[in-house]
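The values are calculated or read from the model by the stated rules, or taken from the named source; none is laboratory data. Quick caveat, the model's predicted, so the values are computed rather than measured. All Cβ positions, glycine included, derive from the backbone under ideal geometry; neighbour counts span all protein chains shown. Side chains are part of the model used for accessible areas, which takes the heavy atoms of the whole protein and leaves out ligands, DNA and RNA. Shrake-Rupley method; radii C 1.70, N 1.55, O 1.52, S 1.80 Å.
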Amino acid sequence: MKKHIPNTITCLNLISGCIATFWAFWGDYQLALLFIVIGAVFDFFDGMTARLLHVSSPIGKELDSLADDITFGFAPSAIVFSLLNGIPGPAWMEPIAPYVPFFAFIMAAFSALRLAKFNLDERQAMGFIGLPTPANALFWGALIVGSGEWLQHHVVLILWLVVMSCYLLVSEIPMFALKFKTWGWKGNEVKYIFIITCIPQLILLGVSGLATIIAWYVILSLVNARHTSPSKSQS
């Protein structure tokens with residue numbers, strides 16, 4: 001019986017992503033973000049449960065990727081699609097306006113590609129190569145919910161951010177994970193700095209703080225990667 005528990009939690013992640021997608025298409029971005037967050041909670045606990053129960057399996061790994069692409073790939077793409085579908089773009093984009101919203105689904109494809117790479121990449125035991133899909137999904141949900149009507153007047157910015165998301169998802173940029181071998185400051189500086197600086201962002205910015213936290217995470221990862229690169233160490 002216990003071998004089915006992690007896969008059940010993974011399926012709850014997938015179902016959360018389906019519900020998030022439903023609300024995204026209905027234009028309720030707050031509920032869409034809520035179910036993405038719920039999916040992220042299930043995604044955190046399915047792997048932990050599998051390790052605790054010693055019931056990891058190849059099926060569970062594949063199922064996890066499928067669930068993640070729905071919750072953290074398709075659902076945020078649906079949020080962006082729904083937003084773009086309901087706002088006018090610049091006059092010069094008018095001839096292609098009906099097709100512009102579908103550009104959002106490129107992000108779902110890049111999320112699937114990122115998850116496939118993650119399954120095969122043995123370098124990602126203690127960190128990530130490229131932006132994790134949950135971080136990307138939380139960025140988009142929080143950005144659209146927190147920005148209100150402001151973002152609706154910046155279609156080109158939205159499209160540019162979609163392109164940046166796709167690049168970051170499959171990039172070779174090392175990004176740190178909040179995994180600790182020891183609890184000391186040395187060797188964990190960037191992790192502690194990140195955690196400490198997240199708190200005021202959430203307090204001051206509310207939901208929008210989630211978006212700035214993800215952006216800050218990318219910036220810190222870039223700085224950390226540059227600081228710890230082999231060429232930097234040898235110079």
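Would you work out the relative contact order for region 157-235, in percent, from Cα pairs under 8 angstrom that are 6 or more residues apart? Each step should come with its number before you reach the end.
On the way: 33 pairs, mean separation 24.9, N = 79.
So the answer I get is 32 percent.
Only one of the listed values, (i) 142; (ii) 151; (iii) 116, was derived from the coordinates as volume of the Cα convex hull per residue in Å³; which label is it?
Matching entry in (i) 142; (ii) 151; (iii) 116: (i).
Calculate the dipole size of region 13-74 relative to its Cα centre from +1 charges on Lys and Arg beta carbons and -1 charges on Asp and Glu beta carbons; express the result in debye to the nearest 20. Walk me through the numbers on the way to the answer.
On the way: 2 positive and 7 negative charges, 25 e Å.
Dipole magnitude for region 13-74 comes out near 120 debye.
State to the nearest 20 debye the size of the charge dipole of region 149-235 about its Cα centre, where the only charges are +1 on K and R beta carbons and -1 on D and E beta carbons. Walk me through the numbers on the way to the answer.
Working: 6 positive and 3 negative charges, 90 e Å.
So the dipole magnitude of region 149-235 works out to roughly 440 debye.
Straight-line reach from LYS3: which lysines fall under 23 Å, measuring Cα to Cα and dropping same-chain residues less than 8 apart?
LYS61
What length, rounded to one decimal in nm, is gained on full extension from TRP92 through to ALA116, with 0.36 nm per residue of separation minus their alpha-carbon distance?
Values: separation 24, 0.36 × 24 = 8.64 nm, distance 3.72 nm.
Computed gain between TRP92 and ALA116 is 4.9 nm.
Whats the longest run of the chain with zero chymotrypsin sites (Phe, Trp or Tyr not before Pro) that are DSSP loop and have at most 15 other Cβ atoms within 10 Å?
On the way: sites that count: TRP26, TYR99, PHE180, TRP183, TRP185.
Between exposed loop sites, the widest span is 100-179.
Between TRP26 and HIS154, 0.36 nm times their residue separation minus their Cα-Cα distance comes to what?
Working: separation 128, 0.36 × 128 = 46.08 nm, distance 2.10 nm.
Residue separation times 0.36 nm, minus the Cα-Cα distance, leaves 44.0 nm.
Using unit Cβ charges (K, R positive; D, E negative) and no other charged atoms, how large, in debye to the nearest 20, is the dipole of region 100-194 about its Cα centre? Provide the component values of the computation, followed by the final result.
Numbers: 7 positive and 5 negative charges, 70 e Å.
Computed charge dipole of region 100-194: roughly 340 debye.
Let me cross-check LEU204: its accessible surface, 1.4 Å probe, with only protein heavy atoms counted, in Å² to the nearest 10?
Estimated to the nearest 10 Å², LEU204 gives 140 Å².
For region 14-27, in order, what is each residue's ³J(HN,Hα) by Karplus, 6.51 cos²θ - 1.76 cosθ + 1.60 with θ = phi - 60°, in whole Hz (x at glycine and Pro)?
Using θ = phi - 60°, the values come out as 4, 4, 4, x, 5, 5, 4, 5, 4, 5, 4, 5, 8, x Hz.
For ILE173, ILE5, write out the residues from largest to smallest accessible area, computed with a 1.4 angstrom probe and no ligands counted.
Numbers: ILE173 25, ILE5 70 Å².
Final ranking, largest accessible area leading: ILE5, ILE173.
Hey, if you put +1 on the Cβ of every Lys and Arg and -1 on every Asp and Glu Cβ in region 111-194, which of GLY146, THR182, SER171 ends up farthest toward the positive end of that dipole?
THR182
In straight Cα distance, which aspartates and glutamates are under 19 Å from LYS117, not counting same-chain residues fewer than 8 positions off?
The qualifying aspartates and glutamates are ASP43, GLU62, ASP64, ASP68, ASP69, GLU172.
Once you have a ≥ b ≥ c as the square roots of the Cα gyration tensor eigenvalues for region 151-235, tell me rounded if a/c is under 1.5, and otherwise prolate or oblate according to whether a/b is larger than b/c.
On the way: a/c = 2.90, a/b = 1.37, b/c = 2.11.
Verdict is oblate for region 151-235.
Taking LYS181 as the anchor, which lysines have their alpha carbon closer than 21 Å to its alpha carbon, excluding any fewer than eight residues away along the same chain?
LYS191
Taking the solvent-accessible surface of protein heavy atoms with a 1.4 Å probe, what is the per residue accessible area of the chain in Å²? The partial results should precede the final answer.
Values: 13010 Å² over 235 residues.
Each residue of the chain exposes 55 Å² on average to a 1.4 Å probe.
Considering the alpha-carbon set of region 12-86 alone, what are its Rg and its Dmax in angstrom?
Considering region 12-86 through its Cα atoms, Rg and Dmax are 13.5, 47 Å.
Within the accessible area of the chain, what % is carbon and sulfur when the probe is 1.4 Å and the other protein chains stay in place?
Carbon and sulfur together cover 72 percent of it.
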